[in-house]
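Below is one structure, written out as C-alpha cells; the observations come after it.
The values are calculated or read from the model by the stated rules, or taken from the named source; none is laboratory data. As the structure is a computational prediction, the values presented were derived from the model and not from experiment. Counting neighbours? That spans all protein chains shown, and the Cβs are built from the backbone with ideal geometry, glycine included.
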Amino acid sequence: MKIEQIQVGFMQVFCYLVYDEETKEGILIDPAGNEEDLLEHLRKKGIKLRYIVNTHGHADHTCGNETIRKATGAGVVMHATDDLYFQKPESMMFARSMGLATSGPADVRVQDGDELSFGNLKMKFIHTPGHTQGACCILIEGNLFTGDTLFVGAVGRTDLPGGSFKQLIQSIQNLVKTLPPDTVVWPGHDYGTRPRSTLAHEAKTNPYISEYMDE
C-alpha cells in the first residue's frame, strides 16, 4: 500500500491518494482543490481511481468531487447522514458563498462499520459525529484518515450547523479506546507540529483527549 499526502486548495486541505501498488487501483480522500494537478498525477502514476472518499460533507473537503468524478468515473463515497444534509439548498448556498464548488449526491452512502475494497486493500468506515453529524474516519491497514475529526494536537470545530463538542469528544474517545495505540493518524489539515501522528501520541499530548478522557 502507498499513501501520498497532498495539500490542496486555498483552504489547504490534506488530500490523500491511497493505492494498491500491485493492481494500481486507488482512492482519493477529500480531493478539494488542484483537481487538474491531481488528475495529471494519477495519469503519470497509472492509477485507476476506484473511489472518491469524503470524510465529511463540508465543501472545503468535497469541492473537487465533480471534476474528479467526471474525469475518472470514480464513485463518490460519503456517510449517508452528511450526503443527505449537504444536498440541501441552504448547505449548497453556504458553500457557494465561500467560493467553493458543490458536490452532487454520493454514489455510495455508507454507515458505521461498512467496508469497501479497492485493489487488494479494504477500507472501513468509522462514524465519528461531532464536527458534522455524518463525519467518518477511514481505517486502512492501521492508517486512520480523520478528516476534521482529529488533528495533530487539536480537534475539529463544532460551531457550525450539525456540530457537537460532546459528540466529537465521545467519537475521539471511542477511537482511542478501540483502535491500537500505534494506529497512524492522517489529519484533514496541517494544523499541528507535524503532518501526521499516532493515537498513542495524541492520547498523551492532545489536550482534547488527555483532559476529557473518561477513565
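Annotation: Thr62 fulfils all but one of (1) modelled with pLDDT under 95; (2) more than 17 Å from the chain's Cα centre (by Cα); the unmet one is (2).
Screening Asp182 on (1) in a helix (DSSP H, G or I); (2) in contact with a Leu (Cβ under 8 Å, 6 or more places away or on another chain); (3) surrounded by fewer than 17 Cβ atoms within 10 Å (Cβ to Cβ); (4) not hydrophobic (A, V, I, L, M, F, W, C) shows it passes everything except condition (1). Inside the range 1-25, can you point out the residues that are over 17 Å from Leu100 (Cα atoms) and under 15 Å from the mean Cα position of the chain (by Cα)? The answer is Ile3, Glu4, Gln5, Ile6, Tyr16, Leu17, Val18. Entry remark, the range 128-140: residues being out of contact with any His (no Cβ under 6 Å at 6 or more places or on another chain), outside any loop (DSSP other than H, G, I, E, B) and crowded, with 22+ Cβ neighbours inside 10 Å number 2 in total. Residues in the range 141-158 that are surrounded by fewer than 21 Cβ atoms within 10 Å (Cβ to Cβ) and assigned to a strand (DSSP E or B): Asn143, Ala154. Restricting attention to the range 112-127, the residues that are surrounded by fewer than 18 Cβ atoms within 10 Å (Cβ to Cβ) and not in a strand (DSSP E or B) total 4. In the range 189-209, the residues that are within 23 Å of Val13 (Cα to Cα) reach residues that are among the aromatic types (Phe, Trp, Tyr) and modelled with pLDDT of 95 or more with C-beta atoms within less than 7 angstrom, at least six apart or across chains, in these pairs: His189/Phe14; His189/Phe151; Asp190/Phe14; Tyr191/Phe151; Gly192/Phe151; Arg196/Trp186. Please verify whether the range 133-154 includes one or more residues that are charged (D, E, K, R) and under 19 Å from Arg196 (Cα atoms). Yes, because at least one residue in the range 133-154 is charged (D, E, K, R) and under 19 Å from Arg196 (Cα atoms). Here Thr67, Thr55, Thr81, Thr23 are screened, and the one residue that is at pLDDT 95 or above, surrounded by fewer than 24 Cβ atoms within 10 Å (Cβ to Cβ), among the hydroxyl-bearing types (Ser, Thr, Tyr) and touching a helix residue (DSSP H, G or I) at 6+ places or on another chain (Cβ under 9 Å) is Thr67.
Within the range 26-51, being part of a loop (DSSP other than H, G, I, E, B) and either surrounded by fewer than 18 Cβ atoms within 10 Å (Cβ to Cβ) or hydroxyl-bearing (Ser, Thr, Tyr) (or both) holds for one residue alone: Gly46.
When every residue of the range 86-109 is checked against the conditions, none turns out to be at pLDDT 95 or above and in contact with a Phe, Trp or Tyr (Cβ under 7 Å, 6 or more places away or on another chain). With respect to the conditions (1) assigned to a loop (DSSP other than H, G, I, E, B); (2) touching a Leu at 6+ places or on another chain (Cβ under 7 Å), Asp60 falls short on a single one, namely (1).
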